[in-house]
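Since the structure comes first, as structure tokens, the remarks are kept for the end.
The values are calculated or read from the model by the stated rules, or taken from the named source; none is laboratory data. All values derive from a computational prediction rather than experimental measurement. Cβ placement follows ideal geometry from the backbone for every residue including glycine, while neighbour counts extend to all protein chains displayed.
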Amino acid sequence: MPDSTILIDARGLKCPRPIIELAKARRQHPSGSILRILADDLAFESDVRAWCDTTGNLLVALEADGGAIAATIELR
Amino acid sequence: MNKEAGPARLAGELAALRERVARLEALQAETPSGSASGGTGSVSIVCFSGEWDRLFAAFTIANGALALGQDVHMFFTFWGATVLRKKSVWSGLHRSWLQNLMGLLLPANVSRVPLSKMHFGGLGKWMMGILMKQKGVEDLPSLMEHARDLGAKFYCCDTSLDLFG
């Protein structure tokens, strides 16, 4: 993982908060930034896919990380 | 067959195609639904009710749409308008006693609004608050805050404000 990766820890936060955090990060960081978000909300996996599809950002990886799900996203 | 004709024709076609792509790109850039944020369309919500659970649903939908890059407009009217109230010591001065009484009987701000069911004089809402905190669910004031941060437009009905202060 490159040093410039933006980390968001959304563990313990319930829907729709993880997606709100993504949207806020999207506004703060330029295109090309790599974002890694950790969340354990049950809806997160489908939410993050839908978010990337709708907003045109690239879902690079989606994997289990401990009890949470880690999504790596390239902002477009 | 002329050796130059093939490449020249191809170059001509390529130039025409390039021009066409540029035109389409310009057209796409002008279309609001294809904006850089990826947003598609907009959502408008009318908040008529002043109850905590109903407003919670409205703000959850608003935040979801905002997160997906959509424009959100929320219109607060009648009981819904009371959640935008902010009490100040001066607010009573320019109103009639009836308006002041009305203001006194209504929730002072968003954290004071009741549940539509199982409120039980505040006991139900207190229990709900504890459960939400335990489960890490966002409360109503912070959902409002997020919606505002993400650029939701709030509109308040002036007539309702006149009635409720």
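Here are the numbers for this structure:
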quantity: Every residue from segment A:1-11 that is among the charged types (D, E, K, R) and either within 13 Å of chain B (Cβ to nearest Cβ) or closer than 22 Å to B:F59 by Cα (or both); calculated: A:D9, A:R11
quantity: Condition check for B:T77: more than 18 Å from B:H146 (Cα to Cα), among the β-branched types (V, I, T) and either surrounded by fewer than 20 Cβ atoms within 10 Å (Cβ to Cβ) or within 14 Å of another protein chain (Cβ to nearest Cβ) (or both); calculated: yes
quantity: Positions within segment A:6-44 being β-branched (V, I, T) and without any contact (Cβ under 8 Å) to a residue 40 or more places away in the chain, in sequence order; calculated: A:I6, A:I8, A:I19, A:I20, A:I37
quantity: Tally of residues being of a type in the set (A, V, I, L, M, F, W, C), within 14 Å of chain A (Cβ to nearest Cβ), in a helix (DSSP H, G or I) and crowded, with 18+ Cβ neighbours inside 10 Å across segment B:43-74; calculated: 7
quantity: Number of positions in segment A:2-53 that are in a loop (DSSP other than H, G, I, E, B) and farther than 20 Å from B:E145 by Cβ; calculated: 13
quantity: In segment B:138-165, the residues that are free of Cβ contacts under 8 Å to residues at least 24 places away in the same chain and crowded, with 18+ Cβ neighbours inside 10 Å; calculated: B:E138
quantity: Boolean, A:R76 is surrounded by 14 or more Cβ atoms within 10 Å (Cβ to Cβ) and in contact (Cβ under 8 Å) with a residue 40 or more places away in the chain; calculated: yes
quantity: Verdict on B:L140 being of a type outside the set (D, E), under 30 Å from A:D40 (Cα atoms), away from chain A (no Cβ under 14 Å) and under 24 Å from the mean Cα position of the chain (by Cα); calculated: no
quantity: Qualifying positions in segment A:41-64 - of a type in the set (D, E, K, R), surrounded by 13 or more Cβ atoms within 10 Å (Cβ to Cβ) and touching a strand residue (DSSP E or B) at 6+ places or on another chain (Cβ under 6 Å); calculated: A:E45
quantity: Single match in B:S91, B:S96 (criterion: among the small types (G, A, S), over 17 Å from the mean Cα position of the chain (by Cα) and modelled with pLDDT of 80 or more); calculated: B:S96
quantity: Tally of residues being farther than 15 Å from A:E63 by Cβ and either of a type in the set (D, E, K, R) or away from chain B (no Cβ under 12 Å) (or both) across segment A:12-41; calculated: 10
